[in-house]
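The values are calculated or read from the model by the stated rules, or taken from the named source; none is laboratory data. Keep in mind the model is a prediction, meaning the values are calculated, not measured. Cβ coordinates were reconstructed from backbone atoms using ideal geometry, including for glycine residues, and neighbour counts include every protein chain displayed. Heavy atoms of the whole protein, side chains included, go into the accessibility calculation; ligands, DNA and RNA do not. Shrake-Rupley method; radii C 1.70, N 1.55, O 1.52, S 1.80 Å.
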Amino acid sequence: MKTESTWMSDKRRETLKALCDTVVPSIERAEDSDGFWAHSGSDLGADLGLISALEAMPAQQRDALLGLIDALAAHGMAATPRQSREELLAAIAQLGPAAAAGVGILTKLILMYSYGLTDSATGRNPMWARFGYPGPTIQRPTGTKTISPVIPQGDVELTADVIVVGSGAGGGVIAAKLAEAGQRVVVLEAGGYFDEEDFDQIELHAYRNIFWRGGPTPTADMNLTVQAGACLGGGTTVNWTNCLRTRPWVRQEWVQEYGLEGVDGPEFDRHLDVVSTRMSVNDKCSDFNGPNQRLQDAATRLGWAFSRLARNTDQASYSPDTAGYLGFGDPTGSKQGTMKTYLQDAFDAGTEIFVHTAAEQILVDENGRTAGVAATYADPATGATAAVTVNSPRVVVACGALETPALLLRSGIGGPAVGKNLRLHPVIAAISRFPEDQRAWWGACMTACIEEFDHPEHGYGFLIQVPQFTTASASAFIPFAGGVEHKTVMSSLGKISWVIAIMRDHGSGEVSIDENGRAVVTYSVTDRIDLANLRAGVDAMVRTHHAAGAQQIFVLADGLPSWHQGADLDKFIADAQMIPFGAGGYQMFSAHQMGSCRMGVDPQTSVADSDGQLHDTPGVWIGDGSAFPTSSGTNPMLTIMALADRTAEKLIADISGADS
């Protein structure tokens with residue numbers, strides 16, 4: 001890979017600095033005691049952050065962005081007044097979809113670094129004072145690690161009864177259940193082992209270490225931004241601890257249309273109860289911060305169905321003063337993800353756990369049955385690698401719905417449906433400004449839910465919830481409509497309340513692989529039901545903010561359309577519903593990935609049978625959200641874990657049958 005010295009020049013540095021100061025400009029204001037208006041992107045280190053990001057990119061993507069930077073340099077951006085620089089940036093973006101995507105990526109990165117980079121001594125960013133955001137609030141504990149991963153000393157080959165690839169909501173449950181049943185289990189986790197002593201409550205640090213591909217990642221078609229966990233514990237280490245149970249109509253659909261016997265009755269209730277108990281699911285730790293209280297206020301005034309959410313949280317160590325950071329990893333240990341529960345159980349029962357070990361291929365013998373997994377360990381400190389080969393007659397693939405199909409595709413198994421039917425619960429957002437501080441960083445982020453719209457006649461609806469308060473990703477998700485305009489909105493971040501509409505998608509996307517075997521995600525909204533729900537979600541979000549008493553409302557779409565008190569609300573909603581959903585229109589997000597290796601009875605349209613075993617490769621089982629026949633319509637963690645508990649029992653029965 002080229003080093004920075006081979007591709008960075010003084011002219012590019014000057015242009016990058018000018019670009020950063022265009023996106024986050026220094027603005028003279030009479031009242032600026034905290035320096036918010038005076039600080040520019042380069043003052044905040046965004047140019048250095050952007051260079052680091054470019055350094056870490058694949059060469060092809062970096063070269064494409066450098067081409068845009070060179071085009072800006074050729075037009076003399078560094079010597080151009082700010083307003084003219086904005087016009088130049090907009091003109092470059094109009095050259096075509098690729099140019100627009102490139103400008104969008106550069107802009108978002110600059111915003112994330114400007115509002116997310118922290119001083120190494122204080123752990124804070126100068127812009128946060130304007131929001132009242134305190135940043136890190138507690139001293140990290142030490143000596144908290146209770147799992148000892150295997151660290152290969154050179155190439156290694158070993159044998160197991162069962163290999164579990166991935167350690168998230170599904171993999172953790174299956175590893176524990178099999179280990180406690182007396183099986184020799186090996187867990188292969190591509191990410192690292194991070195726990196309370198590592199979680200510093202800093203957003204960008206979390207993205208670099210415990211998220212898939214370093215944080216919010218756009219799909220290949222730029223229609224949607226995906227966020228997923230990539231560490232020991234997977235999504236359960238980084239998620240927002242929402243423990244909604246699988247809806248009855250979804251369970252009935254899975255039985256009637258896909259053959260998952262028993263999922264609609266008391267047997268699956270038992271699985272839900274088992275995992276809920278082990279994860280300490282309760283609603284006693286679900287305090288309402290400002291945005292969640294606004295959600296309840298609106299629901300009450302509108303007469304909409306509303307609930308306080310249950311979360312997987314240890315009541316003894318919970319504190320609302322620290323719970324707001326749990327999406328960056330919980331430094332208190334109160335979050336009861338699989339790392340604190342099922343993976344600990346698995347380790348205590350003798351499971352060997354490898355981290356920083358990526359599965360490359362599932363091995364198949366001459367009879368078409370699995371024979372194990374070939375993986376690669378990469379030392380995070382030195383970059384040194386070692387081959388890890390695990391021989392086993394059974395493999396559980398639980399890498400998440402983005403990486404599980406990629407592993408099957410690299411291995412040439414799974415049939416024609418691998419990677420198809422990807423469901424993402426596409427999310428749209430609207431924000432609003434109130435006269436008083438919302439203290440959105442206090443208390444757990446997602447503790448309330450409007451359920452008025454989740455069960456229309458066809459079974460595909462949406463939920464209204466509240467996301468975690470952030471500074472870096474929030475600045476990037478708020479569409480850029482000009483340096484002054486964007487900074488003006490950000491100046492009120494402490495008084496802003498967010499709501500999101502989470503769709504149970506009826507249509508689907510796809511996971512494929514590129515020439516290097518890396519997962520490629522594509523997703524566009526064309527399904528009639530989904531489009532209708534998204535438009536209804538716009539209406540519901542805006543009316544939620546209005547009923548809560550917002551002074552100003554913004555929908556997160558291109559141009560950042562807004563409404564203010566006294567304006568025509570119905571016209572604003574109608575106009576907002578006309579904006580397209582995807583690239584060039586609404587910002588769409590996904591923290592839930594499902595269905596890309598789904599279970600079912602038809603090998604042409606599903607990857608695994610109704611128990612979870614591949615149709616075409618005996619011994620390979622699917623153990624994560626990719627097994628969902630359709631989207632769950634709820635935050636999927638509890639459903640993934642309950643389905644994994646069911647799959648583990650099926651797998652144990654299969655082992656017992658083979659041994660008898």
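Values for this structure:
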quantity: Accessible-area composition of the chain, carbon plus sulfur, in percent [1.4 Å probe]; calculated: 50 percent
quantity: Fraction of antiparallel bridges per DSSP, the chain only, in percent to nearest 5; calculated: 70 percent
quantity: Computed helical MRE - 222 nm, the chain, DSSP H runs ≥ 4 contributing -39500 (n - 2.57), nearest 500; calculated: -10500 deg cm²/dmol
quantity: Cβ crowding within 10 Å averaged over residues, with 593-601, 69-77, 511-519, 192-200 ranked highest first; calculated: 593-601, 192-200, 69-77, 511-519
quantity: Where segment 192-331 is the region considered: accessible area per residue in Å², 1.4 Å probe; calculated: 36 Å²
quantity: Mean Kyte hydropathy of 0.5 or more with a Cα span along the axis of at least 27 Å, helices from DSSP in the chain; calculated: 97-116, 637-659
quantity: Between segment 220-285 and segment 29-67, the alpha-carbon center distance in angstrom; calculated: 38 Å
quantity: Highest average packing first - 609-618, 228-237, 33-42, 441-450, Cβ atoms within 10 Å; calculated: 228-237, 441-450, 609-618, 33-42
quantity: Paramagnetic reach from residue 33 in segment 108-152 [backbone N under 17 Å; point 7 Å along Cα→Cβ]; calculated: 127-133
quantity: Loop sites in segment 240-345: trypsin sites (Lys or Arg not before Pro), DSSP, at most 14 other Cβ within 10 Å; calculated: 284
quantity: Binned Cα-Cα distance frequencies in segment 285-410 - 5 Å width, integer %; calculated: 2, 8, 12, 13, 14, 12, 11, 9, 8, 6, 4, 2, 0, 0
quantity: Label-reachable residues, segment 622-660, where backbone N falls under 12 Å from a point 7 Å from residue 256's Cα toward its Cβ; calculated: none
quantity: Accessible surface, per residue, of segment 341-400 when the full set of protein chains is kept, probe 1.4 Å, Å²; calculated: 38 Å²
quantity: Column: log10 I(q)/I(0), Debye, Cα scatterers of segment 511-563, q = 0.14, 0.20, 0.25, 0.28 Å⁻¹; calculated: -0.59, -0.81, -0.98, -1.06
quantity: Residue 98/residue 376 FRET efficiency (R0 22 Å; Cβ-Cβ; nearest 0.05); calculated: 0.10
quantity: DSSP beta bridges in segment 552-660 [antiparallel fraction, %, rounded to 5]; calculated: 75 percent
quantity: Dmax and Rg, reported as Rg then Dmax, of segment 572-660 (C-alpha, Å); calculated: 18.2, 68
quantity: Computed P(r) (all Cα pairs; segment 346-470; 5 Å bins; percent); calculated: 2, 7, 11, 13, 11, 11, 11, 11, 11, 7, 3, 1, 0, 0
quantity: Charge dipole magnitude, Cβ of K and R +1, D and E -1 - the chain, Cα centre, debye nearest 20; calculated: 1060 debye
quantity: Summed residue charge, Cβ within 11 Å of residue 625's Cβ, Lys/Arg positive, Asp/Glu negative; calculated: +1
quantity: Full-extension gain in nm, residue 208 to residue 319, via 0.36 nm per residue minus C-alpha separation; calculated: 37.4 nm
quantity: Distance between segment 408-463 and segment 316-378 - C-alpha centres, whole angstrom; calculated: 23 Å
